[in-house]
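> Can you keep this structure in mind? I'll have questions shortly.
The values are calculated or read from the model by the stated rules, or taken from the named source; none is laboratory data. As the structure is a prediction and not an experimental result, all values here were calculated from the model. A quick note on method: Cβ atoms are made from the backbone with ideal geometry, for glycine too, and the neighbour counts reach across all protein chains shown. The area values use the complete protein model at the heavy-atom level, side chains included, leaving out ligands, DNA and RNA. Shrake-Rupley method; radii C 1.70, N 1.55, O 1.52, S 1.80 Å.
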Amino acid sequence: MEIRLDDSMKALGVEAVVVGIARNVNPNANLEADFLTKQAQTETWALDADIEQVKAHPFIKGYYDMMQAVGRSEKKNPPTIPAFIENIQRRGSIPKINSIVDIYNVESLRSMIAIGGHDLDKITWPLTITVNQEEGSFVPISAKEKHVAATDYVYKDTKGIMAWMGVRDGEAYKFDDQTKNAIFIVQGNAAIDVEARIEALKVIEADLRATMPSLEFEILVIK
């Protein structure tokens, strides 16, 4: 397992990326009552959230700054957190996907940090976090193929792009009912220190462990 952070990301202010490796996960595990309470509280907060205040949060502003730095429209490609909150407000509830996704979605909202989650066993190593540096394409989860510009930042393995611009994860790497091992990528931005990203992963670890007692979890800082 090899994870590389290309110097092209450092030029965008990403000096380090924090990664969580979770083994022996169960996407169909029954979530604990304490987590369900937290999820419900998070849903209530998101439904009442002032989206303009969310966009003004320093962490969120950092994502907007990265988008602007590579010439992408922030209106067409809003950062994960405000886009997720607006989705919750439109549908009237927080989506329930599976135990793994539900846990890291709640933590993304709490921490205001975008977190990518993928099936570890679907990756063909090495995994590289980089500005793409060539024209390409990408298939997001439950969406049509998307064009990728040479200036777009992504992370990818030897088969293809796993996540695009910190806002869309790839269909080929998503969790399914057979997922046994997971990887969480916390790219962050220049406004989010490593400690905040580590703390987000520690919360995810604790919530996973509460319902998946065989969990093995490690946190890596890639520089």
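> Scan region 1-44 for residues that are closer than 18 Å to Ile81 by Cα and open to solvent by 70 Å² or more (accessible area, probe 1.4 Å) and jot them down.
Gln41, Thr44
> Which condition number in (1) over 16 Å from the mean Cα position of the chain (by Cα); (2) closer than 19 Å to Ala172 by Cα is the one that Ile51 fails?
Only one criterion in (1) over 16 Å from the mean Cα position of the chain (by Cα); (2) closer than 19 Å to Ala172 by Cα is unmet by Ile51, namely (2).
> Then there is this: Which of the residues that make up region 150-170 are open to solvent by 10 Å² or more (accessible area, probe 1.4 Å) and not in a strand (DSSP E or B)? I'd like the intermediate steps shown before the answer.
Within region 150-170, the first condition is being open to solvent by 10 Å² or more (accessible area, probe 1.4 Å), and the residues that meet it are 150-151, 155-161, 166-169.
The answer is Ala150, Thr151, Asp157, Thr158, Lys159, Gly160, Gly166, Val167.
> Hey, can you tell me all the residues within region 135-149 that are part of a strand (DSSP E or B) and small (Gly, Ala, Ser)? Quick ask: steps written out before the conclusion?
So in region 135-149, the residues part of a strand (DSSP E or B) come out as 136-138, 140, 146-148.
Residues satisfying the conditions are Gly136, Ser137.
> Please name all residue pairs, on different chains or six or more residues apart, with Cβ atoms under 7 Å, provided the first residue is in region 189-204 and is open to solvent by less than 80 Å² (accessible area, probe 1.4 Å) and the second residue is of a type in the set (Phe, Trp, Tyr) and part of a helix (DSSP H, G or I).
Asn189/Tyr63; Ala191/Phe59; Ile192/Phe59; Ile204/Tyr104
> So how many residues does region 45-96 have that are under 21 Å from Gly188 (Cβ atoms), at pLDDT 95 or above, polar (S, T, N, Q) and surrounded by 14 or more Cβ atoms within 10 Å (Cβ to Cβ)?
1
> Would you point out which residue out of Ile3, Ile21, Ile60 is β-branched (Val, Ile, Thr), within 27 Å of Glu216 (Cα to Cα) and in contact with a helix residue (DSSP H, G or I) (Cβ under 8 Å, 6 or more places away or on another chain)?
Working: Ile3 fails: in contact with a helix residue (DSSP H, G or I) (Cβ under 8 Å, 6 or more places away or on another chain); Ile60 fails: within 27 Å of Glu216 (Cα to Cα).
Of Ile3, Ile21, Ile60, the one residue that is β-branched (Val, Ile, Thr), within 27 Å of Glu216 (Cα to Cα) and in contact with a helix residue (DSSP H, G or I) (Cβ under 8 Å, 6 or more places away or on another chain) is Ile21.
> Quick check: is even one residue across region 136-149 over 18 Å from Arg4 (Cα atoms), β-branched (Val, Ile, Thr), modelled with pLDDT of 95 or more and open to solvent by 60 Å² or more (accessible area, probe 1.4 Å)?
Step one: filter region 136-149 for residues over 18 Å from Arg4 (Cα atoms), giving 136-149.
From what is left, the residues that are β-branched (Val, Ile, Thr) are 139, 141, 148.
Then drop every residue that is not modelled with pLDDT of 95 or more, which leaves 139, 141, 148.
Still in the list and also open to solvent by 60 Å² or more (accessible area, probe 1.4 Å): 139, 141.
There is at least one residue in region 136-149 that is over 18 Å from Arg4 (Cα atoms), β-branched (Val, Ile, Thr), modelled with pLDDT of 95 or more and open to solvent by 60 Å² or more (accessible area, probe 1.4 Å).
> Now, a different point. Would you be able to say whether some residue in region 54-62 is in contact with a Leu (Cβ under 8 Å, 6 or more places away or on another chain) and in a helix (DSSP H, G or I)? Spell out the reasoning first.
Step one: filter region 54-62 for residues in contact with a Leu (Cβ under 8 Å, 6 or more places away or on another chain), giving none.
No, region 54-62 contains no residue that is in contact with a Leu (Cβ under 8 Å, 6 or more places away or on another chain) and in a helix (DSSP H, G or I).
> Taking Glu86 as the residue in question, decide whether it is of a type outside the set (S, T, N, Q) and assigned to a loop (DSSP other than H, G, I, E, B). Let's see the steps before the verdict.
On the way: of a type outside the set (S, T, N, Q): yes; assigned to a loop (DSSP other than H, G, I, E, B): no.
Against the criterion (of a type outside the set (S, T, N, Q) and assigned to a loop (DSSP other than H, G, I, E, B)), Glu86 does not qualify.
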